[in-house]
């Protein structure tokens, strides 16, 4: 029994969807998202809501997944998705080069140029220590944020590096002095 799969998805005005085989296309005010959905799950519209209905219980494992993918696509074309990254460390910063390249200075001997994929934008605050990644595809936004974080993961001893804004870090205790 999938509790998530049974929840209806509100369909805002101005949002249209179409299912072509195993591909869902959702169009809205912010753009168009294509999402592959597993077979065996049907989408039906009833009184302004989308319902994910499985054909039989063999699709129980993917029922909630399909509903979540459809919800993410609908939410993306209406509100969009964003992820915030904090850059912590002396001399660590990020800057925008053009519109689609972010240049990181993270304590290495060279700056790192990070090209942004299509459909993803980055905004950097004036202090150059916070990057906001946004777009309409949740998976793409999350993957870009994870790739940026992987450039310099937070150090467990000094907590320097690139981290998510809502990430809680546990600082380790360093060596004790010789007696």
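Below, the figures for the structure above:
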read-out	value
Of all residues in the stretch 31-53 being assigned to a loop (DSSP other than H, G, I, E, B) and in contact with a strand residue (DSSP E or B) (Cβ under 8 Å, 6 or more places away or on another chain), the one that is farthest from residue 3 (Cα to Cα)	48
Scan of the stretch 54-83 for residues that are part of a strand (DSSP E or B) and crowded, with 17+ Cβ neighbours inside 10 Å, ordered by number	54, 81, 83
Residue within the stretch 120-133 that is surrounded by 16 or more Cβ atoms within 10 Å (Cβ to Cβ), in the same structural domain as residue 102 (by TED's automatic domain parsing), farther than 17 Å from residue 103 by Cα and touching a strand residue (DSSP E or B) at 6+ places or on another chain (Cβ under 7 Å) present	no
Residue match in the stretch 148-168 (condition: surrounded by 11 or more Cβ atoms within 10 Å (Cβ to Cβ), part of a helix (DSSP H, G or I) and at negative phi)	yes
Residue 72 vs. criteria assigned by TED's automatic domain parsing to the domain that holds residue 11 and under 19 Å from residue 164 (Cβ atoms)	yes
In the stretch 16-30, the residues that are out of contact with any helix residue (DSSP H, G or I) (no Cβ under 6 Å at 6 or more places or on another chain) and either in a helix (DSSP H, G or I) or in contact (Cβ under 8 Å) with a residue 40 or more places away in the chain (or both)	17, 24, 27, 29
One residue from 41, 50, 37, 9 being buried (at least 17 other Cβ atoms within 10 Å of the Cβ), within 27 Å of residue 120 (Cβ to Cβ) and over 21 Å from the mean Cα position of the chain (by Cα)	50
Qualifying positions in the stretch 131-148 - over 20 Å from residue 36 (Cβ atoms) and in contact (Cβ under 8 Å) with a residue 24 or more places away in the chain	131, 132, 133, 134, 145, 147, 148
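The values are calculated or read from the model by the stated rules, or taken from the named source; none is laboratory data. The structure displayed is predicted, hence computed values, not measured ones. As a convention, Cβ positions derive from the backbone with ideal geometry for all residues, glycine included, and neighbour counts pool all protein chains shown.
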